[in-house]
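Heads up, the thing below is written out as structure tokens.
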Amino acid sequence: MAAETQILIGLGFGIACLIFMIMKTKIHTFLALILATVLVGVIGGIEFKQIVASITKGFGGTLGSIGIIIGFGVMMGQLFEVSGAAKRMALCFLKFFGKGREEIAMALTGFLVSIPIFCDSGFVILTPLAKAISTEARKSIVSIGIALATGLVITHTMVPPTPGPVGVAGIFEVSVGSLILWGLVLSVPMLIGPLLFAKWAGERIWQIPTADGGWTRDRSYTASNQGSSIYDDAHLPSAFISFAPIVVPILLILIGTVAAAMGMKGPIADAIQFFGTPVIAVGIGLLLTIYGLTGSLDKKRVLEEMETGIKSAGIIILITGGGGAFGMLIRDSGVGTVLAEAMLQTSIPAILLPFFIATIVRFIQGSGTVAMITAASITAPIIANLSVNPVFAALAACVGSLFYSYFNDSFFWVVNRSIGITEGKEQLRLYSVASTIAWATGIIVLLILNVMFG
């Protein structure tokens with residue numbers, strides 16, 4: 001058997017086993033990635049020493065570039081979560097856009113909040129505010145909730161330092177700054193379609209909270225006691241310090257990325273690029289969070305909250321490292337070159353490969369993070385041998401992971417339970433459709449960007 005044929009058989013068998021283990025067994029995704037890597041190597045005829053070397057090199061190399069960023073990011077997000085900064089941001093947007101534009105305000109709140117915070121946590125934190133807005137403005141919680149959910153999930157999926165996109169950046173070996181820049185550019189049009197859908201859906205399913213904690217679709221209902229105003233901002237941090245931990249690191253990273261792209265030289269340029277390094281920039285954001293948002297918390301509570309954030313990131317860091325190991329074995333085996341040459345003979349745009357794989361894995365097992373990292377692990381070695389902008393290929397994997405959210409996605413349940421949608425058919429017609437609109441919009445805009453700038 002020719003070596004190329006044998007390694008292709010090994011790769012096919014390994015990918016099939018990986019999907020099976022994630023879908024049907026109790027084996028964790030991290031272990032499944034490592035086992036699949038070993039299977040590809042053994043069946044593909046790669047020497048045992050080389051298999052081990054590729055696993056350790058890929059795992060360490062990937063986490064070496066992004067592990068610290070993930071750690072800083074989740075600590076920042078945890079403190080952001082308990083400080084009230086998320087509510088302050090929402091109130092700023094509500095005041096800015098004014099009455100009648102509550103959906104836009106909540107979508108933009110989610111858009112920014114989910115850069116450091118996991119979208120599930122962000123939605124839970126902001127649900128009381130969403131309910132208060134629904135009651136006071138007499139707008140359906142459906143439109144408010146879906147607008148918030150899609151704002152949260154889009155940047156959670158597309159923009160570092162959220163762990164998923166950071167992991168994809170590491171596997172594709174692209175600049176985190178470039179991924180932030182292009183992720184933001186792509187995320188804006190992705191938000192428009194779901195926002196319009198949210199307003200449409202809210203008109204058809206008009207549902208608001210009742211005073212006793214339930215829900216009503218009776219448009220004549222009026223709560224006897226609506227409680228304090230949604231604009232009650234006592235004990236919240238200031239707007240400046242609430243936005244700063246997110247805005248400052250992003251600006252530093254983008255300025256550093258632009259300076260590097262322009263080839264700037266000299267001490268000032270070196271300083272700009274140093275502070276624009278993602279590890280340094282996100283570290284500065286964490287310091288701003290600690291000393292700007294936690295004034296009402298004692299030292300012990302702050303440390304406990306940061307440790308809680310690290311615990312939540314541990315599994316994601318391991319999965320990302322496992323994806324790096326899988327990808328490194330494919331690189332070292334040379335099968336990526338073989339597959340790249342085969343793809344050149346087809347008419348399928350190479351950028352669609354990570355998109356389709358992420359879409360399939362997402363639909364099968366529900367986790368967007370697992371979907372994008374799995375797609376990146378499989379396709380990064382192939383893309384490296386093709387004339388495709390790796391940043392756009394990385395974004396394709398991220399976009400694919402947004403496909404139709406349904407019963408196997410934890411965020412699906414968080415959203416529907418929080419806004420009181422309990423009937424199965426309605427659940428599948430609301431946030432599930434909104435996430436798919438973002439998915440479809442994302443790949444269309446990405447293909448246009450790829451033609452223009454790829």
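The values are calculated or read from the model by the stated rules, or taken from the named source; none is laboratory data. In this text, all values refer to a predicted model and were calculated from it rather than measured experimentally. Here the Cβ is made from the backbone with ideal geometry for all residues, glycine too, and neighbour counts use every protein chain on show. To get the accessible areas, we keep the full protein, side chains included, count just its heavy atoms, and leave off ligands, DNA and RNA. Shrake-Rupley method; radii C 1.70, N 1.55, O 1.52, S 1.80 Å.
Values computed for the structure shown
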| quantity | calculated |
| --- | --- |
| Inter-residue pairs, beta-carbon under 9 Å, first in a helix (DSSP H, G or I) and in the range 70-86, second surrounded by fewer than 24 Cβ atoms within 10 Å (Cβ to Cβ) and aromatic (Phe, Trp, Tyr), 6+ apart | 85/243 |
| All positions within the range 93-111 that are open to solvent by less than 40 Å² (accessible area, probe 1.4 Å) and part of a helix (DSSP H, G or I) | 93, 94, 102, 103, 105, 106, 107, 109, 110, 111 |
| Residue within the range 252-269 that is of a type in the set (S, T, N, Q), farther than 21 Å from residue 162 by Cβ, touching a residue at least 12 places away in the same chain (Cβ under 8 Å) and crowded, with 18+ Cβ neighbours inside 10 Å present | no |
| Neighbours by Cβ (under 7 Å, 6+ apart or cross-chain): first from the range 52-66, over 12 Å from residue 323 (Cβ atoms) and free of Cβ contacts under 8 Å to residues at least 60 places away in the same chain; second open to solvent by 40 Å² or more (accessible area, probe 1.4 Å) and outside any helix (DSSP H, G or I) | none |
| Condition check for residue 243: part of a helix (DSSP H, G or I), over 30 Å from residue 40 (Cα atoms) and touching a residue at least 12 places away in the same chain (Cβ under 8 Å) | yes |
| Options 386, 449; residue that is out of contact with any Gly (no Cβ under 7 Å at 6 or more places or on another chain) and part of a loop (DSSP other than H, G, I, E, B) | 386 |
| Residue check, residue 247 surrounded by fewer than 19 Cβ atoms within 10 Å (Cβ to Cβ), under 21 Å from residue 112 (Cβ atoms) and at pLDDT 85 or above | yes |
| Residue in the range 406-420 that is touching a Gly at 6+ places or on another chain (Cβ under 8 Å), assigned to a helix (DSSP H, G or I) and at pLDDT 95 or above present | no |
| Conditions (1) in contact with a strand residue (DSSP E or B) (Cβ under 8 Å, 6 or more places away or on another chain); (2) without any contact (Cβ under 8 Å) to a residue 40 or more places away in the chain; number of the one not met by residue 128 | (1) |
| Test: residue in the range 369-383 that is modelled with pLDDT under 85 and surrounded by fewer than 24 Cβ atoms within 10 Å (Cβ to Cβ) | no |
| Where residue 164 falls short, out of the listed (1) more than 26 Å from residue 382 (Cα to Cα); (2) open to solvent by less than 10 Å² (accessible area, probe 1.4 Å); (3) of a type outside the set (A, V, I, L, M); (4) at pLDDT below 90 | (1) |
